[in-house]
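First comes the structure, then the notes that go with it.
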């Protein structure tokens, strides 16, 4: 680069950038140059680390808002038995519900989805297993909607 091109390139620089350029042109001591480079490396490393931490927090928040996770969390907080939670999870999964928590909103929605699930399954597991599932669903309904 010619001296004239070097001068022209320097016209658009900020005062801090000109100061750094002049420092390197004048050739300060090796220790000073090393110190400046270490500070710059530390600043870049810190910025990278901070960015990673913030990305992880955002990712965790997004995951926590997943409809399936919300449903699972709700089932865990509603004092249902493990069998009831498993059967309700299977119902939502088998029906392919995008927002499974909606079956917990009202007795009507609960009954409609429970009936759809039982109709889809049919008597594949035998009468005893079907009655057992119906009883677990009925217990879950009574637990979730004691007045309905």
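Summary table
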read-out	value
Residue count for the stretch 59-74, restricted to those that are without any contact (Cβ under 8 Å) to a residue 24 or more places away in the chain and part of a helix (DSSP H, G or I)	9
Flag for residue 56 being exposed (fewer than 13 other Cβ atoms within 10 Å of the Cβ), more than 30 Å from residue 17 (Cα to Cα) and in the same structural domain as residue 21 (by TED's automatic domain parsing)	yes
Number of positions in the stretch 85-124 that are in a loop (DSSP other than H, G, I, E, B) and in contact with a helix residue (DSSP H, G or I) (Cβ under 8 Å, 6 or more places away or on another chain)	4
Breaking point among (1) free of Cβ contacts under 8 Å to residues at least 40 places away in the same chain; (2) loosely packed, with under 15 Cβ neighbours inside 10 Å, for residue 143	(1)
Single match in 20, 36, 53 (criterion: part of a helix (DSSP H, G or I), under 35 Å from the mean Cα position of the chain (by Cα), more than 30 Å from residue 92 (Cα to Cα) and at pLDDT 70 or above)	53
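The values are calculated or read from the model by the stated rules, or taken from the named source; none is laboratory data. Everything quoted here is computed from the prediction, not taken from an experiment. Cβ: placed from backbone, ideal geometry, glycine included. Neighbour counts: every protein chain shown.
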